[in-house]
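Chemist: Can you read through this structure? Questions will come right after.
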Amino acid sequence: MKKTRFGLFLSGMLLSAGVLVFGTAFSPEASTPRPSAAVVADSASAPSSPTPLPTRWGDWQAWGDMGDGTYRNPILPSDYSDLDCIRVGDDYYAISSTMQFSPGMIILHSKDLVNWTLIGHAVADVTQIGPDMNWDRMNRYGKGVWAGAIHHANGRFWVVFGAPDEGFFITSAEDPAGPWEPLHPLMLERGWDDCCIFWDDDGQAYFIGTHFADGYKTYIWKMTPDGRSLIEDTRTLINQGAGREANKLYKINGWYYHFFSEVSQGARVAMMQRSRSIMGPYTQRRQLTDRNREWNEPNQGGIVDTSSGEWYFITHHGTGDWEGRCMSLLPVTWIDGWPILGATSTERRREHGFTMGACTTGRSRSPSWPDRHNGRQQHQPRPFAGAAFFFSRRHNSAIMTAV
């Protein structure tokens, strides 16, 4: 989950984007299908977009909702790193890591997986992580809020994440827009990241996380009934090595699936292993994506189903330039009990129609500029109306003040 560049951030604005789809290879010649009653047509009869498809990464003349029943990736052409996504009823919620910025852990909402609204942050004040996150120390550039997961259980939304120098934290809220409870520490120990929380059908909660400081060993724990403590004597090793991170847990058709990413021949790829028991052993494993260097290695993200039974993968691209690690939406096809992420070979050269409401461009609820570490309260940036941009770098930042 380690961040290589903290690029362009767009805040307080409803964003959309779109590109290219990949199966085993990420193809610039296709559009991704859209949830709900999709009508698939050959490109000759599909709605035509007013701008040409890009031929290389970053050549985006259009993105997101095309307004004609199609969309292009990246759906958010901005730095939304370490994504996870869930569906609750007909609503989709996603989270994105924010490193040293305060407030921390972005919360996004969508009705269609293409158009997203920023509705808040799970961490109101990053000094809850530790004093080095405050403005008078600012000793956590590129650290702070790393990758996590969002889950809905017992009538509440739960967010967990790791801070590499402090440990694992959890918070919850009845409304994903907040207020969120103050952070509660699950483990105060350096060297851990990329965690996930999961409630099984019997109400038992589980937690998974990677000890990157000890050979990238990934463990799973049972949790106490309130979901606020790890039961240490249940810790079980389920994976290790190869720079593994991006942990997610799913239960689908009686199988427990552990999604993660690893480094293969110098590039990061998406992986999955499965077991009939959530505690393992996880003896069946598959690589879900090719290395896709030309499309900046889409890998970390969340697999989500729609109410009509379609499946999608919302992901960031592991490297970036001006846009940081932007968000794309890829179709998922299940074959022999394993998900294929991206368009299959038969879909490569097709355009996909879909039913979707018009793209909204209204402001989010109480948007505000994030600050580098926790800012002095009397100088906190003020909320703003409408879209604005700021650029930041991992060890230095230039922030425009909203007026």
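What follows is calculated from the coordinates using simple rules that are stated; it is not laboratory data. It should be emphasised that the depicted structure is a prediction, and the values quoted were computed from it without experimental measurement. Cβ sites come from the backbone with ideal geometry, for glycine too, and all protein chains shown count toward neighbours.
Chemist: For the stretch 250-310, what is the charge dipole size about the Cα centre, in debye to the nearest 20, if Lys and Arg each add +1 at the Cβ and Asp and Glu each add -1 at the Cβ?
Modeler: Taking the Cα centre of the stretch 250-310 as origin, the dipole is about 300 debye.
Chemist: Here's another thing I want to ask about it. Quick one: Debye curve from the C-alpha atoms of the stretch 279-324, no solvent, what's log10 I(q)/I(0) at q = 0.21, 0.26, 0.33 Å⁻¹?
Modeler: -0.88, -0.98, -1.13
Chemist: For Trp116, enumerate residues with amide H under 5 Å from its amide H, sequence gap 5+ or separate chain, H modeled in the peptide plane.
Modeler: Leu15
Chemist: What whole-number volume per residue, in cubic angstrom, does the convex hull of the C-alpha atoms of the stretch 72-224 give?
Modeler: Dividing the Cα hull volume of the stretch 72-224 by its residue count gives 122 Å³.
Chemist: Report the local net charge at Trp338: Lys and Arg +1, Asp and Glu -1, summed over other residues whose C-beta lies under 14 Å from its C-beta.
Modeler: +2
Chemist: Next up: Compute the signed sum of charges (Lys and Arg +1, Asp and Glu -1) over the other residues within less than 12 Å, Cβ to Cβ, of Pro77.
Modeler: -2
Chemist: Sticking with this structure for a sec: The stretch 139-212: percent of C-alpha pairs farther apart than 13 Å?
Modeler: Roughly 65 percent, rounded to a whole number.
Chemist: Jot down the radius of gyration and Dmax of the stretch 229-291, Cα atoms only, both in angstrom.
Modeler: Rg, Dmax (Cα atoms, Å): 12.5, 37.
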